[in-house]
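Got a structure here, written out as structure tokens. Questions coming.
No value in this document is a laboratory result; all are computed from the given coordinates. Since we're looking at a predicted model, the values are computed, not measured.
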Amino acid sequence: MKKNRGLFVGLFVAIVSTTHAEEAAKNAYMIEKFDHNGDRVVTQEEFLESAAERFKTMDVDGDHAIEQAEFLQRYAEHSHSTTTDSGAEVGQRVFDKLDENKDAQISEQEYNQSRLKWFTEADKDNDQRIELGK
Ligand SMILES: [Ca+2]
Ligand SMILES: [Ca+2]
Ligand SMILES: [Ca+2]
């Protein structure tokens, strides 16, 4: 992963991170992950559907909140240790970002909000669809 090669590379990537190629790669990733019906377009509906599924899988005890332990457990299972950071540290950072009101759990609302933000950022032409090159 290029962003882990060090500070200078990280800085460089930060500066050029809005290049077209990177945007396209991001969209391709989202399409690969979230396009359920295979039309190479991710609609907001498809996106939120998989967000809801994901939330349910992570919410092991079914109380409609992802506690820190649930999250880190899940994160550790799915992250591969290709970075210099330990999976737990990265997981903790992601958790802190998602847990907006800092009550040590991620509510469905917090989760959906962050997903929606991600979607909106990727949806450059603002038509509620993620497509390649747009
Ligand atoms: Ca689709
Ligand atoms: Ca829970
Ligand atoms: Ca919270």
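Less than 15 Å apart at the alpha-carbon level, and either on another chain or at least 8 residues along: which aspartates and glutamates does that give for Lys102?
Within the straight-line cut-off, Lys102 pairs with Glu67, Glu110.
Of Lys97/Lys124; Lys26/Lys117; Lys33/Lys97; Lys33/Lys117, which ones are farther than 20 Å apart at the Cα? The partial results should precede the final answer.
Values: Lys97/Lys124 23 Å; Lys26/Lys117 14 Å; Lys33/Lys97 22 Å; Lys33/Lys117 17 Å.
Too far apart for the 20 Å limit: Lys97/Lys124; Lys33/Lys97.
On to the next question. Using amide H atoms built in the peptide plane, which far-off residues or other-chain residues are under 5 Å from Ile66 H to H?
Sorted by chain and number, the residues that satisfy this are Ile106, Ser107.
Now for a different question. Quick query: amide H of Thr43 versus all other amide H atoms, modeled in the peptide plane; which residues come in under 5 Å with a sequence gap of 5 or more or a different chain?
It is Ile130, by chain and number.
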